[in-house]
Amino acid sequence: DDYIRCTGRTGMIGPGKEFDGTDDYITMPSVPASGNDSVTVSCWVRLKQQDGWRCIVSLSDQYLQPGFAMGREWDGRYKFYTTVDWTRRDVENGAGSFANDGATWYYMVGTYERSALRMDVTGALSAPANYTGAMDPRPANMLMIGRESYSGYGYVSGAGDEVRILARPQNAAWI
């Protein structure tokens, strides 16, 4: 039951996908549901201006339940969150400092490594948000690209490319 409604576009690295901000998204049902002590989520995005929370990639049961998500807040801040010890933990990057013109590509990376949550947006590494504890087990929900996985909300308008989910933290040299 894979659902791909978005259209093909030239991405940052080969083909990408264009999302209309209304009903386009991609599901990936084969993401493992087991928990990990660390994760790296990365992607290239080219976003248009939109109001409200816009979710670029998500694997979560509910807002405060196990999983992770990466997206853009209503005021332009980019955010990565995961749940640690059944509490939502997040880190933000770049309040209002990124273009939302639909033309500028940004490389986004969020990592959690059992004690520090970090986010990098095209070379602007956030200060770590220090949270100690194990990541809660990942849900059985499908990974969604272009909207939230647990609700029909947060659709993205723009393009995405090279979404990666790794069960280990990556260092600054890799990023």
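The values are calculated or read from the model by the stated rules, or taken from the named source; none is laboratory data. This structure is a prediction, so every number in the text was calculated from the model and none was measured. As a convention, Cβ positions derive from the backbone with ideal geometry for all residues, glycine included, and neighbour counts pool all protein chains shown. With ligands, DNA and RNA removed, areas are computed over all heavy atoms of the protein, side chains included. Shrake-Rupley method; radii C 1.70, N 1.55, O 1.52, S 1.80 Å.
So if R0 is 22 Å, what FRET efficiency would Gln49 and Glu162 give, r being the distance between their Cβ atoms, rounded to the nearest 0.05? Result of the calculation: an efficiency of 0.45. A cut-off of 5 Å between modelled amide H atoms, ignoring neighbours fewer than 5 places along the same chain, links Phe68 with Leu59, Ser60.
Note the full-extension length gain between Ala172 and Thr87 as 0.36 nm times their separation in residues minus their Cα-Cα distance, in nm to one decimal.
Taking Ala172 through Thr87 to full extension adds about 28.0 nm, to one decimal.
Using r as the Cβ-Cβ distance of Ser151 and Arg9, and R0 as 22 Å, what FRET efficiency do you calculate, to the nearest 0.05? After rounding, the FRET efficiency stands at 0.30.
Using a 1.4 Å probe on the protein heavy atoms, what percent of the accessible area of region 67-172 belongs to carbon and sulfur?
For region 67-172, the apolar C and S fraction of the accessible surface comes to 49 percent.
The chymotrypsin sites (Phe, Trp or Tyr not before Pro) of region 71-175 meeting both criteria, a DSSP state outside H, G, I, E and B (loop) and at most 14 other C-beta atoms within 10 angstrom of the site's C-beta, are Trp74, Trp86, Tyr153, Trp174.
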